[in-house]
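The values are calculated or read from the model by the stated rules, or taken from the named source; none is laboratory data. Everything numeric in this text was worked out from a predicted model, so none of it was measured. So basically every Cβ, Gly included, is an ideal-geometry build from the backbone, and we count neighbours across all protein chains shown.
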Amino acid sequence: MGKRKKMTAAEMAAQGEAAEAARIQQAFEQGTNTLRDLISPSAIEINSDHFRLGNKYGRTIYVYGYPRTLFTGWLSPIINIDEVIDVSMYIYPVESTVVMKNLKTKVTQLEASMNLNMEKGKVRDPELEAAISDAEELRDQLQVGAERFFRFGLYVTIWADSLDELKFVQQKIETIFGQQMIFSKVASSQQEQGLNSITPQCMDQLQIRRNMNTGAISTSFPFTSADLTQDRGILYGINMHNNGLVIFDRFSLENANMVVFAKSGAGKSFTVKLEALRSMMIGSEILIIDPENEYQKLCDAVGGSYVRLSLNSDVRINPFDLPKVVDAEDANDALRANLVVLHGLFRLMLGGTQSAAGGVTAALTANEEADLDQALIDTYARAGITSDPLTHQSTPPTIANLYDTLLHMEGSGPQLAQRLRKYTTGTFAGIFSQQSNIDINNQMVVFNIRDLEDELRPVAMYIVLSHIWNVVRAEQKKRMLIVDEAWQLMKYEDSANFLFSLAKRARKYYLGLTTITQDVEDFMSSKMGRAIVNNSSMQLLLKQSPSAVDVLSDVFKLTEEEKRRLSNFPVGQGLFFAGQNHVHIQIIASETEEGLITTNPNAAKQ
């Protein structure tokens with residue numbers, strides 16, 4: 001038998017420490033595998049009036065007093081406050097029989113107090129009378145089952161990065177409550193209980209409650225902020241009311257039209273380009289009329305077609321083109337519809353002078369209108385095109401053919417021909433007086449009219465719109481048509497009417513029209529301008545000039561707060577209207593998207 005070696009006290013202590021260390025290590029390794037250990041903060045520090053959770057400071061306050069009457073939505077300013085807070089509500093139902101018994105006792109006490117005051121000759125107490133009236137009314141409602149009774153607890157935990165910020169946010173919360181005669185206090189020496197009451201564990205450790213009936217409880221419904229999030233669509237931005245995402249499909253509304261109003265530099269083109277880029281990702285085709293060369297970078301990046309219209313370019317668009325429509329009803333009406341469009345175009349091309357007020361005098365007399373109508377019909381007929389849809393595949397005539405027809409007519413025809421001459425053999429010849437040589441067969445097509453003379457711009461926008469409309473009618477796809485600086489069209493009655501007609505009929509052909517303008521007053525002063533707004537289910541109002549705010553406030557029925565914000569919005573923020581709802585939105589793009597769509601010269605250099 002061997003001898004056992006007796007361990008010294010030091011060796012025993014070392015062995016004990018090793019065993020304890022192994023046990024702690026085992027417990028630690030076991031603990032790191034639990035969900036609680038993964039989500040718990042590294043440390044928590046509890047003080048009498050606040051607590052510290054990791055790097056964040058927090059403070060819980062409770063509501064202990066309410067006014068006699070609560071109005072629906074009284075909690076909305078707290079829910080929508082632009083601060084990081086947690087709100088916890090505890091609602092405990094109370095048996096009606098218990099409440100009835102307590103109310104009976106309370107009414108007896110109140111009436112005894114009132115009788116005692118009368119015997120002593122004291123002045124009547126309105127507060128006492130109101131309390132008796134409220135108690136009796138509640139008893140009647142409980143008796144017939146119209147109301148129920150509850151105990152209600154409301155706690156708010158504020159979060160901040162410093163104690164000074166925590167105090168500032170607390171003052172904001174208390175001010176909002178105080179304006180509605182709602183009284184709150186900090187949970188002094190109960191911050192740990194307050195933190196436990198606010199976490200999603202359903203543990204009401206503060207137990208600060210107030211009696212409320214069904215009506216009063218219903219006014220505290222917390223989901224009061226407008227929400228414009230759908231299951232499908234594109235991201236427009238951040239809902240500034242609740243930090244939610246504004247995800248919307250414009251084609252889900254009664255029409256897919258949109259108007260964008262903003263002063264220069266407020267971000268309207270940025271927003272529209274961002275919407276176009278994201279819409280392409282879900283299969284939409286994008287057609288753009290670009291008067292300021294703002295869309296070329298985006299168009300090149302997505303492999304789109306960039307059509308530059310100018311007197312020196314080789315691009316040609318023939319306004320006499322007829323749509324290649326498949327629908328039998330549209331086919332029978334195609335020639336007549338295009339004749340109406342051409343009437344408006346030639347009134348614009350042969351137009352009178354622009355007045356000081358911005359309007360345009362009448363272009364044609366009644367006799368000239370009649371002669372022009374006959375000349376248009378004869379010009380088509382000479383090309384072999386009649387009201388019969390089978391003839392619509394023939395090569396269409398051009399303005400040069402119309403000029404020749406007018407020149408050999410009786411009446412005012414020769415005079416009209418002379419006025420039209422500058423578009424056939426004169427200064428503006430070529431661009432609109434020859435057969436079309438463009439083909440809209442790309443997911444993004446941009447028509448640039450920057451290099452056109454000012455006199456030709458409205459004519460070009462009108463002809464391009466007409467050409468696009470013919471393409472839209474020929475083949476129905478999900479498309480978006482963006483008309484930038486639309487105020488240039490609204491100055492002329494015929495082009496304004498055509499744009500309105502397009503807005504009204506776009507839905508039938510799966511087209512969404514986006515109208516952008518910075519000249520709000522002129523646009524909204526036009527009868528057709530207001531009609532276009534009324535036929536647009538979506539509107540975006542970015543930062544406005546003070547004079548434009550009053551105009552838009554009247555049209556969109558804005559509140560005083562919304563009016564104040566509208567003239568002070570930073571770049572990229574505005575009011576987003578969709579159907580019956582509207583929210584305060586922040587337009588946000590990724591770094592890659594911003595590089596493609598920004599028009600900021602400094603950003604472009606970077």
The helices (runs of 4 or more DSSP H) lying entirely within the stretch 512-606 that contain at least 3 residues which are in the same structural domain as LEU274 (by TED's automatic domain parsing), buried (at least 16 other Cβ atoms within 10 Å of the Cβ) and not hydroxyl-bearing (Ser, Thr, Tyr) are 520-525, 527-534, 546-556, 560-566, 591-597
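Yes or no, residue by residue, for (1) surrounded by fewer than 16 Cβ atoms within 10 Å (Cβ to Cβ); (2) touching a Leu at 6+ places or on another chain (Cβ under 9 Å); (3) not polar (S, T, N, Q):
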| residue | (1), (2), (3) |
| --- | --- |
| LEU372 | no, yes, yes |
| ALA381 | yes, no, yes |
| THR386 | yes, yes, no |
| THR391 | yes, yes, no |
| ALA429 | no, yes, yes |
| ASP439 | yes, no, yes |
| ASN448 | no, yes, no |
Consider ILE173 carefully, then state whether it is within 31 Å of the chain's Cα centre (by Cα), within 30 Å of MET280 (Cβ to Cβ) and surrounded by 14 or more Cβ atoms within 10 Å (Cβ to Cβ).
no
Does ALA506 count as over 21 Å from ARG457 (Cα atoms), touching a Leu at 6+ places or on another chain (Cβ under 7 Å), small (Gly, Ala, Ser) and part of a helix (DSSP H, G or I)?
yes
Check off (1) in a helix (DSSP H, G or I); (2) in contact with a strand residue (DSSP E or B) (Cβ under 9 Å, 6 or more places away or on another chain); (3) closer than 26 Å to LEU350 by Cα for GLU485 and give me the number that stays unchecked.
(1)
For ASN332, the lone unmet condition from (1) at pLDDT 85 or above; (2) in a helix (DSSP H, G or I); (3) polar (S, T, N, Q) is (1)
Looking for something part of a helix (DSSP H, G or I) and assigned by TED's automatic domain parsing to the domain that holds ILE208 - is there at least one such residue anywhere in the stretch 146-160?
no
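Just the residues that are among the polar types (S, T, N, Q), out of contact with any Pro (no Cβ under 8 Å at 6 or more places or on another chain) and within 18 Å of SER76 (Cβ to Cβ), please, taken from the stretch 152-195.
Within the stretch 152-195, THR175, GLN179, SER184 meet the criteria.
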(1) surrounded by fewer than 22 Cβ atoms within 10 Å (Cβ to Cβ); (2) part of a strand (DSSP E or B); (3) of a type in the set (A, V, I, L, M): which one isn't true of VAL259, the others all being true?
(1)
I need the full set of residues from the stretch 113-144 which are of a type in the set (Gly, Ala, Ser) and either in contact with a Ser or Thr (Cβ under 8 Å, 6 or more places away or on another chain) or surrounded by 11 or more Cβ atoms within 10 Å (Cβ to Cβ) (or both), in order please.
SER113, ALA130, ALA131, SER133, ALA135
